[in-house]
1. Just give me the residues in region 45-70 being outside any helix (DSSP H, G or I) and open to solvent by 50 Å² or more (accessible area, probe 1.4 Å), in sequence order.
2. Output the qualifying pairs, or none if there are none: Cβ atoms under 6 angstrom, residues six or more apart or on different chains, first residue in region 17-34 and in contact (Cβ under 8 Å) with a residue 40 or more places away in the chain and within 14 Å of Leu53 (Cα to Cα), second residue open to solvent by less than 40 Å² (accessible area, probe 1.4 Å) and assigned to a loop (DSSP other than H, G, I, E, B).
3. If Ala100 meets every condition in (1) out of contact with any Gly (no Cβ under 8 Å at 6 or more places or on another chain); (2) within 30 Å of Ala13 (Cβ to Cβ); (3) modelled with pLDDT of 80 or more; (4) of a type outside the set (Phe, Trp, Tyr) apart from one, which number is that one?
4. Answer yes or no: is there a residue in region 107-118 that is of a type in the set (D, E, K, R) and over 28 Å from Lys156 (Cβ atoms).
5. Looking only at region 35-44, decide whether some residue is open to solvent by less than 60 Å² (accessible area, probe 1.4 Å), assigned to a helix (DSSP H, G or I), within 27 Å of Val131 (Cα to Cα) and at pLDDT 85 or above.
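The values are calculated or read from the model by the stated rules, or taken from the named source; none is laboratory data. Because the structure is predicted, anything quoted here is derived from the model rather than measured. Cβ sites come from the backbone with ideal geometry, for glycine too, and all protein chains shown count toward neighbours. The accessibility values were calculated without ligands, DNA or RNA, using every heavy atom of the protein model including side chains. Shrake-Rupley method; radii C 1.70, N 1.55, O 1.52, S 1.80 Å.
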Amino acid sequence: GSMLIEESAASVAVESLKSDDFYVPRHQNLFKLFAELHQQQPDLDMLFVQSELDKRGLSERVGGKEILRKLVEDTPTAANVERYCRIVKDRAIERELLRAAYQIVGMVNGPRSDEGASGLLEQAEGVVFGVAERRTSNEPVTIQSVLEGVLTDAAKTVEARRQGIEI
């Protein structure tokens with residue numbers, strides 16, 4: 001069978017991503033399987049992957065034989081797999097920031113504790129630092145940079161909703 005993904009590209013992907021970095025559940029399932037199979041047999045072969053999918057009864061859940069054919073055509077080479085991984089990671093962080101933003105908005109609109117706004121700020125920092133810890137880059141993440149991102153995302157979301165745009 002044709003090789004599904006270059007061994008070096010697969011290694012980069014398996015080391016830098018987790019299945020829940022993917023948004024679509026079937027992509028999460030596929031990645032989980034690839035990561036597992038890659039450990040058994042680093043040069044992933046399309047027939048090997050297909051037989052494993054069939055054996056586990058996962059073929060239909062991940063999109064059938066068609067999805068593997070598409071993957072062979074679309075799979076990034078080792079040269080650009082890092083860029084793909086970065087994009088997947090960035091989208092995952094953006095989704096987490098949006099969740100954090102909603103959580104903070106909920107806290108601001110919710111009942112106040114005795115500490116008032118300073119307690120609220122501490123809670124908000126905790127939420128944002130939780131997201132910041134996920135970051136893989138070595139650049140220091142300041143609370144200000146993360147909060148600016150959260151607030152920008154929140155503002156965009158509110159504006160999009162106000163205009164009836166689906167996001």
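1. In the first step, residues of region 45-70 are kept if they are outside any helix (DSSP H, G or I); the result is 45, 56-58, 63.
Hits for region 45-70 are Arg56, Gly57.
2. The qualifying pairs are Arg26/Gly63.
3. Of everything listed in (1) out of contact with any Gly (no Cβ under 8 Å at 6 or more places or on another chain); (2) within 30 Å of Ala13 (Cβ to Cβ); (3) modelled with pLDDT of 80 or more; (4) of a type outside the set (Phe, Trp, Tyr), Ala100 misses just condition (1).
4. Step one: of region 107-118, the residues of a type in the set (D, E, K, R) are 112, 114-115.
With the extra rule that they be over 28 Å from Lys156 (Cβ atoms), the set shrinks to 114-115.
The answer is yes, given that some residue of region 107-118 is of a type in the set (D, E, K, R) and over 28 Å from Lys156 (Cβ atoms).
5. yes
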